[in-house]
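Read through the structure below, which is laid out as structure tokens, and then see the notes.
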Amino acid sequence: MNFPIIAKAALICCMLTQTSSYSGGDIVDNIRTLHDQAISDPRAIAPALDAVNSFLDSASDDAVVLAYKGSLLTLKAKEATLPWNKLSYLREGNALMDNALTRLSQTPSHGLTADLEVRVIRGITHAMIPVLYGYSGDAKEDLTLALKHTGFRHLTPTDQVRVRAWLAVVLYRDSEDPGLQEKLLGEARAVDAAEADMIWGQR
């Protein structure tokens, strides 16, 4: 299994690169930072997972951190050499992100509301996975909900660009609503044309 989109785009995911803007707890901010590092450097996957697992040892129901763990496992799938290991990590990662959505009521805010952060993590992660694995429907649902969320304006400008641009990509792949694709891409480009065009190039 090959994930050229994840490697090339160096996003996720979350993606939440400007973590200080979210005023989350120090531990969760550190997990966000480690997650970003793991996207661009596979050597950072293991320490990122160690930090996530350490947090979950005392807060196993935290939806946000579960979602980050799921996203990290999809990165681990990309790096695995054996096909069955790739598929196993991919399935486990996506199961954790799905499970995170069932635990939102048990999760405190880490600067962003939990439902918004989980939707952004899962939506962008799923948008990056090749279409043949069948996650585009989840990506479209998550990114649409994130865009409509009352807390969307509290995302960093970069993350707002990513949500809009990846949603445009998903709609393009599914041959849906060219007008909305154009609107989303235009809004994303107005904030950061380079970032928006990099994502759009992965369609």
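Read-outs throughout are calculated quantities, based only on the coordinates presented, and are distinct from any laboratory measurement. On a predicted model such as this, the values are computed, not experimentally measured, just so you know. Counting neighbours? That spans all protein chains shown, and the Cβs are built from the backbone with ideal geometry, glycine included.
Using θ = phi - 60° in the Karplus curve 6.51 cos²θ - 1.76 cosθ + 1.60, the 3J(HN,Hα) couplings for region 95-107 round to 5, 5, 5, 5, 5, 4, 5, 8, 10, 4, 5, 9, 10 Hz; x is entered for Gly and Pro.
What is region 79-144 by shape, rounded, prolate or oblate, if you read a ≥ b ≥ c off the alpha carbon gyration tensor as root eigenvalues and call it rounded for a/c under 1.5, prolate for a/b larger than b/c, and oblate otherwise? Numbers along the way, then the final one.
Working: a/c = 2.59, a/b = 1.68, b/c = 1.54.
The shape class here is prolate.
Taking the helices alone, the chain has a mean residue ellipticity at 222 nm of -22500 deg cm²/dmol, built from -39,500 (n - 2.57) per DSSP H run of at least 4 residues and averaged over all its residues. The packing ranking, built from the mean of other Cβ atoms within 10 Å per residue, places the peptides 63-70, 39-46, 155-162 in the order 63-70, 155-162, 39-46, highest first.
Let me know the shape class of region 77-203, please: from the alpha-carbon gyration tensor, a ≥ b ≥ c as square roots of the eigenvalues, rounded when a/c is under 1.5, otherwise prolate if a/b is greater than b/c, or oblate. Note, shape of region 77-203 comes out oblate. Since only 97, 158, 80 are under comparison, the one whose Cα sits farthest along the positive direction of the charge dipole of the chain, derived from C-beta charges on Lys, Arg, Asp and Glu, is 80. What you get for the chain, charging only the Cβ of Lys and Arg (+1) and of Asp and Glu (-1), is a dipole of about 380 debye around the Cα centre. Set against the 2.2 N^0.38 Å expectation for a compact globular protein, region 19-146 has a Cα radius of gyration ratio of 0.98.
Total lysine pairs in the chain at Cα distances under 26 Å, for residues eight or more apart or on different chains: 18.
The phi torsions of region 137-152, fed into the Karplus equation with coefficients 6.51, -1.76 and 1.60 and a -60° offset, translate into couplings of x, 5, 4, 4, 4, 5, 5, 5, 5, 4, 4, 8, 5, 4, x, 4 Hz, rounded to whole numbers, with Gly and Pro shown as x.
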